[in-house]
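Working notes, beginning with the structure itself.
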Amino acid sequence: MTSGGSTVITANYGRFRRRMTIAVVALVLLLVGGGIGLGVSMGGDDAPGTEAAPVPDAKLPELGPVKPVLAGLASDAPTPEADVLRSRLTPLVTGSALGSGASAQVVDVATGDVLFQQQPDAPVTPASTAKLLTAVAALTTLDPSDTFATTVVSGATPGEVVLVGGGDVTLSRTTPSRTYPGAPTVADLATQVVGALPAGTAVTRVVVDSSLYTGPLTASGWGPADAPSSYAAPVTATAVDGARVSPGSTARSGQPGLDAGAALADALGAPNATVVLGQAPAGAKTLGTVQSAPVARLVEQALSMSDNMLAEALARQVAIARKQPATFEGAGKAVVAALKEAGLDVSGVTLADGSGLSREDVVTADVLADVVTGAADGSLGEASSLLSGLPVAGYDGTLADRGDADPATAPGTVRAKTGTLLGVHALAGTVVTADGRLLAFAVVADKSTGSEAAAEGVLDDFASELAACGC
């Protein structure tokens, strides 16, 4: 599982603005030349209140119909023939590269019709495709515009401040964040604290309060080498840079809370301050607060680079909102309950965590396909941000290096969430066929004994067959 953030592409509007300015000036000159008053009298010698005489042949320029820059999919695009898909996809999902446990489903988004399936209701280990479930739960339980606060309050003694974690793991030690665009910064938080403290106060002690979360710091089903690692860390309510050892690094920390406290001490100009874990005094004065990016943006970032720590943070927020304990167990139950409330059949789903890192997670291919379909057809309400977070094959995220040069499967055609554990390979997302039909799909193999490259190659071939289908 790869850690990281989202790719940000900034449009260059400079030339557009220059052209607009020239066009507006030209239009004004045209109107003035035609004698149109533009709200003021054009005859300087006229008495106040006197209207200028109309020019008989004055005309406004006629503008043609506006064409969309990005055209929508054609509503009458041909639906792939189920028999054709079966003949092309069955050899892939039953081949040796995916082992004996492959299950899959393909759904036509416009109609909801199942076009292909292979053991779609068989229980499988989803790996990181479980993040799709966490994403939908977060988007439907929380307001997509919600943010998570990180706060500093006064301590119990002079010179002591308390960093209170609100579950935002994106808090950044750099300005801007090297990993999470739009993330709040420790520097901003420290500036507020300095301004709120009495002049000349020296900070000598930083207490880190992560009491928002309870229970074990790692999930049942995580391996002993999973936290810390390059993709996961102990899950705490207080962290910086996604619990990374340093900004922009790959390695995750074994003590995210203490790292956050040390970062605050450094930003306050007190690098030698004592940093300990503890709790804020009741009724403590707030010295500073920063807010995370909105939930919708956090979901996109969690999906794009398969960020386990961000996914776990979102799952805990779902648990809190649904009055469940902010633990791995509580988060898993809350996510499943949110999906059920959204109308999904989750009778075969069990989650031990929010990221898919646990081998005790159980999902089915039809649930994964239903989640993607519901986000795409609008039936899951606010879940559409899930789609914008899906990695794009051959372009970004965990699919940046997957895909081929075939124009039929060019970047943008396949958007899907990856999932990889030892012996587990999964892919679930959307694809636009060569005929312009939008399909949702999920394929999971959790009994693979071959190489990772071979298994991923088959999953990519599965998506490519759908993309190239004019069938």
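Derivation of every value follows stated rules applied to the coordinates shown; laboratory data play no part. The shown structure was predicted, so the numbers you read here are calculated from the model rather than taken from an experiment. Glycine also receives a Cβ, built like all others from the backbone with ideal geometry; neighbour counts cover every protein chain displayed.
Electrostatic tally near ALA225: other residues with Cβ closer than 14 Å to its Cβ, Lys and Arg +1, Asp and Glu -1, net +1.
Can you give me the Kirkwood hydrodynamic radius for the range 149-293, using every pair of distinct Cα atoms, in Å to one decimal?
The answer is 15.1 Å.
With the biggest extent put first, the Cα atoms of the range 99-187 measure 66, 31, 26 Å across the principal axes. What does a probe at ALA225 reach in the range 239-283, counting residues whose amide N is under 16 Å from the point 7 Å along Cα→Cβ? So the set is 251-252.
With the simple model of a label 7 Å out from the Cα in the direction of the Cβ, VAL194 to VAL84 spans 6.6 nm. By the count of other C-beta atoms within 10 Å, a proxy for reagent exposure, LEU132, LEU466, LEU422, LEU217 are ordered fewest to most as LEU422, LEU217, LEU466, LEU132.
Here the Karplus curve 6.51 cos²θ - 1.76 cosθ + 1.60, taken at θ = phi - 60°, turns the phi angles of the range 366-375 into couplings of 5, 5, 4, 5, 5, 4, 5, 4, x, 5 Hz, with x standing for Gly and Pro.
Tell me, how many Å apart are the Cα centres for the range 90-112 and for the range 144-208? Centre-to-centre distance over Cα atoms comes out at 48 Å. Among LYS447, LYS131, a tally of other beta-carbon atoms within 10 Å of each Cβ gives an order, fewest to most, of LYS447, LYS131.
Ranking of TYR395, TYR180, TYR213 by neighbouring Cβ atoms within 10 Å, starting from the fewest: TYR395, TYR213, TYR180.
How much length is gained if the chain between THR94 and ALA321 is pulled fully straight, taking 0.36 nm per residue apart and subtracting their Cα-Cα distance, in nm to one decimal?
77.6 nm
Based on the Kirkwood approach, the hydrodynamic radius assigned to the range 152-199 is 11.9 Å, with every pair of different Cα atoms included.
A cut-off of 5 Å between modelled amide H atoms, ignoring neighbours fewer than 5 places along the same chain, links THR94 with no other residue. The residues packed around THR185, meaning those with a beta-carbon under 14 Å from its beta-carbon, carry a net charge of -2 if Lys and Arg are +1 and Asp and Glu are -1. Peptides 305-317, 107-119 ranked from most to least packed give 305-317, 107-119, packing being the mean of other C-beta atoms within 10 angstrom over each peptide's residues.
Kindly list the residues of the range 262-296 that lie in the label zone of ALA202, defined by a backbone N under 20 Å from the point 7 Å along the Cα-to-C-beta vector. It comes to 262-276, nothing else.
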